[in-house]
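**Q** Take a look at this one; I'll ask things after.
The values are calculated or read from the model by the stated rules, or taken from the named source; none is laboratory data. If you're wondering where the values come from, they're calculated on a predicted model, not measured in any experiment. Don't worry about glycine lacking a Cβ; one is built from the backbone with ideal geometry, like all the others, and counts go over all protein chains shown. Heavy atoms of the whole protein, side chains included, go into the accessibility calculation; ligands, DNA and RNA do not. Shrake-Rupley method; radii C 1.70, N 1.55, O 1.52, S 1.80 Å.
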Amino acid sequence: ATARAEARITMPLKDKIRREEVDYRIEATLREVSSDRIVAGRALTSEKLEMWATTEEIRLEGPFLLDGAPIRATWHQPLGAAAAEGGRIEGSIALSDATLDALDIPLPEGMIAGRGTGQFQLDLPRDEPPRLALQSDLSGLEVAIPGLGWSKPASQTGGFELSAVLSEVPVVEALSLSAPGLALEGGITLGAEGGFDEVNFESLRVGDWLDASVTLTPRGAGRSPAISVTEGRLDLRNLPDGDGGPGDGAPIDVRLTEIVVSDGISLSPVIGSLQQGRAGLSGVLDARVNGRTPVRATLAPANAGTAFRVQSNNAGGVIQDAGLTPNARGGALDLVLTPIVGARKGTYDGQFLIEGGIRLRKAPILADLLDAISVVGLIDQLQGPGILFNTVDGKFRLTTNQLHLLEAAGVGASLGVSAEGIYDFRIKKMDISGVISPIYFVNAIGAVISRRGEGLFGFNYRMTGSPDDPRVGVNPLSI
C-alpha cells in the first residue's frame, strides 16, 4: 500500500506533555490497500481509500472488495477507552448469488439471480466473529423459492433482511423476505464444508394458498431440496398455475393443520408423504373430513395437475361431515377427483361409489319424499333402523363453491332413487331433482328401460332449499 497524508498535530510546548493534551487530525489517500486483519480471516482490498484519523477514531471510506464482493463502505475503529467495543463497517454492497457465496452464505440453488444493492452493517467486536446485518429492497434481483411455485421478477421490489455471524462456519440467525405474493421468516443452518444443511422458514405465506412452516433440506448438487411442510394451512382452491415444480421427484413431508378442498369441505389434520414432478404431485395423505371421519387420499399426476382418489371405510361419516346429510351410516367410499384442463384451479370432474350398504335414518329430505308419495312402511323404517341402500354411485363436477351432481343413483331392496342437480357450499342451498322408485326389488324390472335407480314405475321429485329444512315437491301424476 502507498499513502499520501497530511497531518496536523496540536500540543502545548512544555515538558511532560500528557497524552490527553495532544490533539491531531490526519487525512490521507491510500492506494492498493489490502488487509486480512480488519475483518479477521477475510481479504479486504481497495485500489483507493480516503482515511481520517483523530484521537477518537480511525476512519476509512471508499470502494472495497470483501473476499471479492464489491462494497462501498466506511470503516470506523474507535480509539481510546471505546476501542474495546471493536470497529464497524457500514455501507452498500452489490447483491448477487456470487456475493453471498463470497461471504460463505450460500442459499438454495436457484433462489437468487440478477444483481441488486443492499445496505449493510458489519460489527467487528474484539475476540469475537464479525456480525453482519443486511437489508435490501430486492430491486434488480430475481428471487425464487424452489419447489413452491413462487418467484419475483427483477423489476419488482420487496424487503429482505439477514442477520448472520461470520464465524468459520457462518450462522444465519434470522432471515426475512417479503415481496408480492410471499412473506417468510426463518434461518439457515450451514455445513462445515459450505453449503446449507437446512433452511427453516418458521413462517411462510405464499399467495392465498399456503400459510405454514417449511423446511428445505439439500439432496445433493443439481437436485431440488426435500421439503417438509408443517403446522399450517393449504388451500387447494387457490393453487397457482405452473408446471408442477422442478420435476426431479423432490420428496415433500406433509403434516398440516388443514387442507381446504372447497367451501365447506376441508381435510384436517393431514399427514403423509408426496413427491413433486412436472406433471403434478404423487403420494398418499391420511386425513379427516372437516376434522372428523378418517379418509386416505392418493394423489397422482393428471393432464391438468394432480388427481385425487379418496377412500374411506365410513362413507356415511364422510357424507355427514361434508354437510350433505346428518344421518348416514356405514358403507365404504371410493371417490376420484380429476382436474379439468383449462378450468379454474379447484375444479374437478368426479366419480364416486359406495358399497357394502349405507343406511339413512331420520333423514328429513327422504322422509318428506316418502310422505309425499304416502309410503307409510318406508317412513316407519326410516324412523327406525333406517333405509338401506346396497350401492350408491354417480358422477359430479366439484368447483370451489358448488357440487354439480350430474348423475347419481342409490339402490336398495326397499327403494331406488336417481338424482341430479346443484348443492352450493357457500349458502348451503340445493336444487336437486330425479325419480324415486319404492319397492325396488320388485320394481327393478324397469331398469331395462330406465336409468339406474329408477324402476318400472316411480315418481318425479324436486328438492330445493337447505338440507336441514328442504322444500320437497313430488308429481304424483308422473308415475
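**Q** Determine whether the range 305-317 contains at least one residue that is open to solvent by less than 40 Å² (accessible area, probe 1.4 Å), part of a strand (DSSP E or B) and modelled with pLDDT under 80.
**A** yes
**Q** Sticking with this one: Condition first: among the charged types (D, E, K, R), in a loop (DSSP other than H, G, I, E, B) and under 21 Å from Ala81 (Cβ atoms). Now tell me which residues in the range 16-70 satisfy that.
**A** Of everything in the range 16-70, those that are among the charged types (D, E, K, R), in a loop (DSSP other than H, G, I, E, B) and under 21 Å from Ala81 (Cβ atoms) turn out to be Arg18, Glu56.
**Q** Can you find even one residue in the range 198-205 that is assigned to a loop (DSSP other than H, G, I, E, B) and closer than 30 Å to Asn290 by Cα?
**A** No, the range 198-205 contains no residue that is assigned to a loop (DSSP other than H, G, I, E, B) and closer than 30 Å to Asn290 by Cα.
**Q** Another question, then. Which one is modelled with the highest pLDDT among residues in the range 397-409 that are part of a strand (DSSP E or B), farther than 20 Å from Pro326 by Cβ and out of contact with any Asp or Glu (no Cβ under 7 Å at 6 or more places or on another chain)? Step through it out loud before you land on a result.
**A** Filtering the range 397-409 down to residues part of a strand (DSSP E or B) leaves 397-398, 402-409.
Filter once more, keeping what is farther than 20 Å from Pro326 by Cβ: 397-398, 402, 404, 406-407, 409.
When the remaining residues are screened for being out of contact with any Asp or Glu (no Cβ under 7 Å at 6 or more places or on another chain), the result is 398, 404.
Details: Leu398: 89, His404: 94.
My answer is His404.
**Q** Does Ile271 satisfy the condition of being part of a strand (DSSP E or B) and under 28 Å from Pro225 (Cβ atoms)?
**A** yes
**Q** Among the candidates Leu353, Leu267, Leu281, Leu335, which residue alone is open to solvent by 20 Å² or more (accessible area, probe 1.4 Å), touching a residue at least 40 places away in the same chain (Cβ under 8 Å) and not small (Gly, Ala, Ser)?
**A** Result of the check over Leu353, Leu267, Leu281, Leu335: Leu353.
**Q** Could you identify the single residue in Gly412, Gly394 that is within 18 Å of Asn327 (Cα to Cα) and of a type in the set (Gly, Ala, Ser)? Lay out the reasoning, then the answer.
**A** Numbers: Gly394 fails: within 18 Å of Asn327 (Cα to Cα).
Only one candidate qualifies: Gly412.
**Q** Also: Quickly run through the range 78-97 and pick out the residues that are more than 30 Å from Val143 (Cβ to Cβ), open to solvent by less than 50 Å² (accessible area, probe 1.4 Å) and of a type in the set (Gly, Ala, Ser).
**A** Of everything in the range 78-97, those that are more than 30 Å from Val143 (Cβ to Cβ), open to solvent by less than 50 Å² (accessible area, probe 1.4 Å) and of a type in the set (Gly, Ala, Ser) turn out to be Ala82, Ala83, Gly86, Gly87.
**Q** Check Gly91 against each of (1) touching a Phe, Trp or Tyr at 6+ places or on another chain (Cβ under 9 Å); (2) touching a residue at least 24 places away in the same chain (Cβ under 8 Å); (3) at negative phi; (4) not basic (Lys, Arg) and name the one condition it does not meet.
**A** (3)
**Q** Say whether the condition of being modelled with pLDDT of 90 or more, within 29 Å of Pro251 (Cβ to Cβ) and part of a strand (DSSP E or B) is met by at least one residue in the range 133-140. Please lay out each step first, then the result.
**A** Step one: list which residues in the range 133-140 are modelled with pLDDT of 90 or more, which gives 133-140.
If we keep only those that are within 29 Å of Pro251 (Cβ to Cβ) as well, we get none.
No, every residue in the range 133-140 fails to be modelled with pLDDT of 90 or more, within 29 Å of Pro251 (Cβ to Cβ) and part of a strand (DSSP E or B).
**Q** Here's a follow-up. Among the residues of the range 216-235, write down those that are open to solvent by 20 Å² or more (accessible area, probe 1.4 Å) and either under 23 Å from Pro339 (Cα atoms) or touching an Asp or Glu at 6+ places or on another chain (Cβ under 6 Å) (or both).
**A** If the condition is that a residue be open to solvent by 20 Å² or more (accessible area, probe 1.4 Å) and either under 23 Å from Pro339 (Cα atoms) or touching an Asp or Glu at 6+ places or on another chain (Cβ under 6 Å) (or both), then Thr217, Arg223, Ser228, Arg233, Leu234 are the ones that fit.
**Q** Sort out which residues of the range 192-213 are modelled with pLDDT of 90 or more and open to solvent by less than 30 Å² (accessible area, probe 1.4 Å), and write them in order of number.
**A** Across the range 192-213, the qualifying residues are Leu204, Ala212, Ser213.
**Q** Also: I'm trying to understand the selection: among the residues of the range 170-184, which are of a type in the set (Val, Ile, Thr) and either closer than 15 Å to Asp137 by Cα or crowded, with 17+ Cβ neighbours inside 10 Å (or both)?
**A** Val172
**Q** Same structure again: Does Arg426 fit the bill of being assigned to a strand (DSSP E or B) and either at pLDDT 80 or above or buried (at least 18 other Cβ atoms within 10 Å of the Cβ) (or both)?
**A** Taking the combined requirement at face value, the residue does not satisfy it.
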